[in-house]
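Quick note: the coordinates plus some simple rules give every number you see, no bench work behind them. Computed from a predicted structure; not experimentally measured. Using ideal geometry, Cβ is built from the backbone for each residue, glycine included, and neighbour counts are taken over all protein chains shown.
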Amino acid sequence: MPRLACPEEAHATLHVVQRARERRACFSCTGDRAAYLEALRECTARECAVHAYALMGNHVHLLITALRAGGAARLMPALAAGYARYLAAAYGHEDRVWEEAYDASPVHARRHLLACMRYIEENPVRAGLAAHPGGYRWSSYRANALGEHDALITPHPHYCSLGRSPEERRAAYAALFARTGVRITPASRRPSGSLSPRARSRS
């Protein structure tokens with residue numbers, strides 16, 4: 001069980017960052033990334049709704065809402081275990097992949113949530129993996145901005161408030177990416193959850 005400064009409530013929305021140990025690569029091929037997303041789908045069906053994600057080279061960003069109290073605290077160990085089973089079956093890999101702790105920061109306000117979604121989906125661009133968020137396959141941008149089907153994604157109410165129709169919402173959301181000066185800094189991300197807790201957050 002995680003040791004939280006404040007108990008994680010039902011319907012709490014969190015920006016979660018899961019990092020590989022010693023900054024090692026956590027995915028080596030397309031199959032690894034697909035297996036991680038499948039494990040995430042299986043785990044979130046019981047515990048959390050996923051609003052945004054980005055699979056990076058040595059870490060993963062998730063924006064999730066707990067369906068019941070403690071959802072994220074149960075999700076993250078189950079997700080780590082599910083991906084570990086895949087690696088063991090695929091490669092005979094027995095080493096622990098992820099750091100023991102993960103960063104989890106509460107997201108409340110509409111403006112903060114939309115900025116957090118953009119931050120997550122722009123991560124591949126900042127890392128030089130794509131010229132535009134839509135050019136990166138392993139994030140939620142294509143679902144949230146372009147309407148591509150992604151069974152993993154559940155629209156957050158704040159996202160839904162962007163328009164009356166799916167087309168209006170997608171257009172308004174995509175327009176956010178043209179704005180400048182929107183960023184999430186380490187100071188605005190407070191650690192609140194863990195497999196075992198992280199003392200402080202890192203960007």
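Just to be sure before I move on: is residue 124 in contact with a Phe, Trp or Tyr (Cβ under 8 Å, 6 or more places away or on another chain) and either over 16 Å from residue 16 (Cα atoms) or polar (S, T, N, Q) (or both) in the structure I sent? Let's see the steps before the verdict.
Working: in contact with a Phe, Trp or Tyr (Cβ under 8 Å, 6 or more places away or on another chain): yes; either over 16 Å from residue 16 (Cα atoms) or polar (S, T, N, Q) (or both): yes.
Taking the combined requirement at face value, the residue satisfies it.
A quick yes/no check of all residues on (1) in contact with a Lys or Arg (Cβ under 6 Å, 6 or more places away or on another chain); (2) crowded, with 18+ Cβ neighbours inside 10 Å; (3) of a type outside the set (Gly, Ala, Ser):
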residue	(1), (2), (3)
42	no, no, yes
45	no, no, no
60	no, yes, yes
65	no, yes, yes
88	no, no, no
108	no, no, yes
114	no, yes, yes
117	no, yes, yes
122	no, yes, yes
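If the Cβ limit is 8 Å and pairs must be 6+ apart or interchain, which residue in segment 106-128 that is free of Cβ contacts under 8 Å to residues at least 24 places away in the same chain pairs with which residue that is surrounded by 21 or more Cβ atoms within 10 Å (Cβ to Cβ)?
125/133; 125/136
Out of all the residues in segment 95-106, which are outside any loop (DSSP other than H, G, I, E, B) and of a type in the set (Phe, Trp, Tyr)?
Keep residues of segment 95-106 that are outside any loop (DSSP other than H, G, I, E, B), which gives 98, 103-106.
Of everything in segment 95-106, just one residue is outside any loop (DSSP other than H, G, I, E, B) and of a type in the set (Phe, Trp, Tyr), namely 98.
Any idea which of 52, 34, 78, 66 is closer than 30 Å to residue 109 by Cβ and more than 14 Å from the chain's Cα centre (by Cα)? Full working, then the answer.
Values: 52 fails: more than 14 Å from the chain's Cα centre (by Cα); 34 fails: closer than 30 Å to residue 109 by Cβ; 66 fails: more than 14 Å from the chain's Cα centre (by Cα).
Selected residue: 78, the only one of 52, 34, 78, 66 that is closer than 30 Å to residue 109 by Cβ and more than 14 Å from the chain's Cα centre (by Cα).
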